[in-house]
Amino acid sequence: MKVSFHGHSIVQIETNGKNIIIDPFINGNGQTDLKVEDVKADVILLTHGHNDHVGDTVEIAKRNDSLVVAIAELATYLSWKGIKTHGMSIGGAYVFEFGKVKLTQAFHGSSYTEDNQNIVYTGMPAGILLTAEDKTIYHAGDTALFSDMKLIGERNEIDLAFLPIGDNYTMGPEDALTAAEWIRAKKVVPIHYNTFPVIQQNPEDFVSKLPDGVGLLLKPGETIEL
Ligand code: NI
Ligand code: MN
């Protein structure tokens with residue numbers, strides 16, 4: 001499978017003949033190399049309802065007839081905008097054509113802010129465990145460090161993990177180093193930094209502090225073969 005990072009929390013995965021994109025926040029994301037009109041997505045996976053994660057989901061889903069997989073409340077909210085959705089909840093797994101998705105807990109908020117100063121509650125925030133082609137990817141979403149990450153590490157053989165390091169809204173680098181130890185992923189990629197002034201970080205420094213061979217810095221647009 002091919003996995004690429006596109007700035008902030010956007011991850012694209014090509015597996016089993018399907019194009020999957022996680023958290024496609026493109027318009028307003030100064031860190032991304034993507035253009036909304038170029039994105040091909042059979043599936044959109046969302047970690048939570050915040051605007052910097054839902055991003056351009058509706059436009060991409062309408063153009064591609066994508067299936068949007070998200071926590072149940074967020075899936076319901078998006079289904080009212082005329083797109084195909086599949087709702088799930090924390091701890092639940094489902095085997096799709098493209099692979100198996102399990103939602104894990106995340107310590108964060110989850111709501112969608114509409115233009116008219118209305119904040120819509122969108123259920124619990126989540127992390128995503130995606131298993132396909134015998135590989136498991138963990139996208140932690142936006143989260144604080146929490147000790148059940150040990151359980152996630154014990155119960156899953158994670159090949160590749162995406163962990164937020166921006167601080168302020170999520171774990172900072174120090175907590176993310178502990179998270180990396182607990183989840184025991186073979187490779188860890190930092191995400192959710194430098195998009196906004198309050199989440200400025202040095203990702204090279206973070207990666208250099210991970211154990212040998214674990215840290216992987218992907219610049220926006222870089223792809224790896226997993
Ligand atoms: Ni968030
Ligand atoms: Mn965020």
### Query
Just checking, which of 47, 76, 15 is among the hydroxyl-bearing types (Ser, Thr, Tyr), more than 16 Å from residue 101 (Cβ to Cβ) and either modelled with pLDDT of 95 or more or within 15 Å of ligand 1 (Cβ to nearest atom) (or both)?
76
### Query
If you check 20, 26, 60, 44, which single one turns out to be open to solvent by less than 20 Å² (accessible area, probe 1.4 Å) and part of a helix (DSSP H, G or I)?
60
### Task
Only residues that are away from ligand 2 (no atom under 16 Å from the Cβ), open to solvent by 60 Å² or more (accessible area, probe 1.4 Å), under 22 Å from residue 137 (Cα atoms) and part of a loop (DSSP other than H, G, I, E, B): list them for segment 97-115, please.
97
### Task
Residues being in contact with an Asp or Glu (Cβ under 8 Å, 6 or more places away or on another chain) and either under 18 Å from residue 53 (Cβ atoms) or β-branched (Val, Ile, Thr) (or both): count how many of those fall in segment 4-18.
9
### Message
Scan segment 177-187 and tell me whether some residue there is in contact with a helix residue (DSSP H, G or I) (Cβ under 6 Å, 6 or more places away or on another chain) and closer than 16 Å to residue 47 by Cβ.
### Response
yes
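The values are calculated or read from the model by the stated rules, or taken from the named source; none is laboratory data. Keep in mind that this is a model prediction, so the values were computed, not measured. All Cβ positions, glycine included, derive from the backbone under ideal geometry; neighbour counts span all protein chains shown. To get the accessible areas, we keep the full protein, side chains included, count just its heavy atoms, and leave off ligands, DNA and RNA. Shrake-Rupley method; radii C 1.70, N 1.55, O 1.52, S 1.80 Å.
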